[in-house]
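Undergrad: Handing you this structure, nothing more for now.
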There are 2 protein chains.
Amino acid sequence: MQIIKTVAEMQMISAQIKKSGQTIGFVPTMGALHNGHLSLFDKARQKADVAIASIFVNPTQFGPNEDYEKYPRTLEADSEAAIKHNIDYIFIPSVQEMYPEGYSTYVNIKNITEVVEGIKRPGHFNGVGVVLTKLFNIVAPDYAFFGQKDYQQTLVVKQLVKDLNIPVEIFVEPTVRLENGLAMSSRNKYLSEEERERATIIYKSLIEAKAAIQEGIKNRLELVKIVTNKLNKEPKIKIDYVCVALADSLKEVDQFKSNDNIVILIAAYMGNTRLIDNMLLTII
Amino acid sequence: MQIIKTVAEMQMISAQIKKSGQTIGFVPTMGALHNGHLSLFDKARQKADVAIASIFVNPTQFGPNEDYEKYPRTLEADSEAAIKHNIDYIFIPSVQEMYPEGYSTYVNIKNITEVVEGIKRPGHFNGVGVVLTKLFNIVAPDYAFFGQKDYQQTLVVKQLVKDLNIPVEIFVEPTVRLENGLAMSSRNKYLSEEERERATIIYKSLIEAKAAIQEGIKNRLELVKIVTNKLNKEPKIKIDYVCVALADSLKEVDQFKSNDNIVILIAAYMGNTRLIDNMLLTII
């Protein structure tokens, strides 16, 4: 495995690979790699001739009061994990390399970014949009892999790629969970053992909604209430939002119809740590 | 020469070309081709293995009171000209193909767009930014060719390409002029024979500034005055702006220094037709 630190070198390598007729599979990450990321590495490895990952804690997708500074950085362990999962190149640029002095270009994605997470984290998805546009131009992937855990992000990425005609195919892979159900996240590092156990209420509330849907419930507010009530049973959890919406558009219609594909999105605080999770379901 | 109308087909072709190890030279245009465009076609033909041009009157770069509707569209003549200049492919998408329903992504370029033409045509350069980002993703050029006539646009394109790490090299080619000095422009079609003659005052005023610089003038407002006075000698011309600035940044410093590279930018109306022109000069 090779570590690449500059845009110029990464672009030279990816151009070489493309010229040789090989395909590139790409997993963009912010590091602090966990099994969720590693399952994406394996998918990229499987699907493409050359597997490339990036590790870049992107400042432009953090709000002023968010955890950019303290976001976990575990580069050595990350490199070892990437080697173990047969990644060919990891691209680890500095902030200066990605946003040099005089940087002036912004990508704004409307509509799908203007609900749920986009309201709670203004500017977040624009930061995601710009860094991915840059990374796609640098790595030139044929395929890129994202985790379903950041569900709204996967919709944003698909919109971005479609609108800007970026020649990459997007794959969304299932959320990887601990045995107790907690969705894997780099931010779980902020949690104590006890908090991690308590945070499983998030997954349990999604399971409860799934059961309700299987019993025939189609009303959005009823589903929201089921999830909210369950979450509120855990006193250490503070709900940020519970959103039940059509999976493609995130439209919060009042009454779902049979065969509607929906998503339940949760954001909640455990102490100071903000956790998100979701589940895709089909109305019966 | 092949005419390509869909993004999917153009992307398939450009991916094929890249895989074959050939280089792509690209000239994006809005059609109504004149000798200025054709000189860019020749450069692309010379420099690259495969020469691609696009013809797309991009609605997002026109203001609500501008000439989008009446912008000249001369597709048949354009195709013939492209054939004559050995262009391999022309990409002619519809508006619907470029901005389908649900289109939601915008590119905003700051700083260099916030002066001169950017003030007079708010939103113009963002429209240019988004369409070029799309076209670069669709055509995947190694080299792209622009005319110096749209001088500020060439700075915007360079900023965009640098910031988003678009793997394309930008070439800026000299403005092509009629024998009388008038810069070639698709909008010259709006002018009568007489107006075209009168509009040569724009070039003449640039030449007058050049002479003044050769005589040692370094003061910005003096240069602005020389150009303005000359333009005002033509009663049918209405000045929109005269800007004298550092060529790289468009900073309007009061007093230039020896060896400063500067640009003189003019926008002026001849009747209802807005014309622009410029000259790059070095302070002695």
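The values are calculated or read from the model by the stated rules, or taken from the named source; none is laboratory data. Here the structure is a predicted model, which means the values were calculated and not measured. All Cβ positions, glycine included, derive from the backbone under ideal geometry; neighbour counts span all protein chains shown.
Undergrad: For A:D254, all conditions in the list (1) in contact with a strand residue (DSSP E or B) (Cβ under 6 Å, 6 or more places away or on another chain); (2) more than 23 Å from A:G36 (Cβ to Cβ) hold save one; what is the number of the exception?
TA: Only one criterion in (1) in contact with a strand residue (DSSP E or B) (Cβ under 6 Å, 6 or more places away or on another chain); (2) more than 23 Å from A:G36 (Cβ to Cβ) is unmet by A:D254, namely (1).
Undergrad: Out of all the residues in segment A:1-27, which are at pLDDT below 95 and either within 20 Å of A:F41 (Cα to Cα) or touching a helix residue (DSSP H, G or I) at 6+ places or on another chain (Cβ under 8 Å) (or both)?
TA: Across segment A:1-27, the qualifying residues are A:K18, A:K19, A:G21.
Undergrad: Can you tell me which residue is surrounded by the most Cβ atoms within 10 Å (Cβ to Cβ) among those in segment A:188-210 that are small (G, A, S) and over 12 Å from A:K233 (Cβ atoms)?
TA: Looking at residues that are small (G, A, S) and over 12 Å from A:K233 (Cβ atoms), I get A:A199.
For (1) in contact with a Ser or Thr (Cβ under 6 Å, 6 or more places away or on another chain); (2) over 30 Å from A:Y68 (Cβ atoms), each residue gets a yes or a no:
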site: A:K210; (1), (2): no, yes
site: A:I213; (1), (2): no, yes
site: A:G216; (1), (2): no, yes
site: A:D240; (1), (2): no, no
site: A:N261; (1), (2): yes, yes
site: A:A267; (1), (2): no, no
site: A:R274; (1), (2): no, no
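Undergrad: Take the residues of segment A:164-178 that are farther than 23 Å from A:I201 by Cβ and under 15 Å from the mean Cα position of the chain (by Cα): which is farthest from the other protein chains (Cβ to nearest Cβ)?
TA: In this case the residue turns out to be A:E173.
Undergrad: Within the bounds of segment B:53-62, is there any residue that is without any contact (Cβ under 8 Å) to a residue 12 or more places away in the chain and surrounded by 14 or more Cβ atoms within 10 Å (Cβ to Cβ)?
TA: Checked segment B:53-62: no residue is without any contact (Cβ under 8 Å) to a residue 12 or more places away in the chain and surrounded by 14 or more Cβ atoms within 10 Å (Cβ to Cβ).
Undergrad: Which residues, counting only those in segment B:260-284, are more than 16 Å from the chain's Cα centre (by Cα) and not hydrophobic (A, V, I, L, M, F, W, C)?
TA: B:D260, B:N261, B:Y269, B:G271, B:N272, B:T273, B:T282
Undergrad: May I ask you to list pairs of residues, at least six apart or on different chains, whose Cβ atoms are under 6 Å apart, with the first in segment A:263-276 being farther than 25 Å from A:I112 by Cα and the second being among the small types (G, A, S) and surrounded by 22 or more Cβ atoms within 10 Å (Cβ to Cβ)?
TA: That search, which allows pairs on different chains as well, returns A:M270/A:A199.
Undergrad: Separate question: May I ask you to list the residues in segment A:120-169 that are without any contact (Cβ under 8 Å) to a residue 24 or more places away in the chain and within 26 Å of A:L182 (Cβ to Cβ)?
TA: A:T154, the sole residue that qualifies.
Undergrad: Between B:V161, B:V139, B:V156, which is more than 26 Å from B:I119 (Cα to Cα), within 11 Å of chain A (Cβ to nearest Cβ) and not polar (S, T, N, Q)?
TA: B:V139
Undergrad: Something else about it: Which one of the conditions (1) surrounded by fewer than 18 Cβ atoms within 10 Å (Cβ to Cβ); (2) touching a residue at least 24 places away in the same chain (Cβ under 8 Å) does B:V7 fail to meet, given that it meets all the rest?
TA: Every condition holds for B:V7 apart from (1).
Undergrad: Something else about it: Does B:G102 satisfy the criteria of being surrounded by fewer than 19 Cβ atoms within 10 Å (Cβ to Cβ) and either out of contact with any Lys or Arg (no Cβ under 8 Å at 6 or more places or on another chain) or within 14 Å of another protein chain (Cβ to nearest Cβ) (or both)?
TA: Considered against the rule, which asks whether it is surrounded by fewer than 19 Cβ atoms within 10 Å (Cβ to Cβ) and either out of contact with any Lys or Arg (no Cβ under 8 Å at 6 or more places or on another chain) or within 14 Å of another protein chain (Cβ to nearest Cβ) (or both), B:G102 comes out as yes.
Undergrad: Could you tell me whether any residue of segment B:81-88 is closer than 22 Å to B:T6 by Cβ, at pLDDT 95 or above and either surrounded by fewer than 16 Cβ atoms within 10 Å (Cβ to Cβ) or in contact with a Cys (Cβ under 9 Å, 6 or more places away or on another chain) (or both)?
TA: Taking every residue of segment B:81-88 in turn, at least one turns out to be closer than 22 Å to B:T6 by Cβ, at pLDDT 95 or above and either surrounded by fewer than 16 Cβ atoms within 10 Å (Cβ to Cβ) or in contact with a Cys (Cβ under 9 Å, 6 or more places away or on another chain) (or both).
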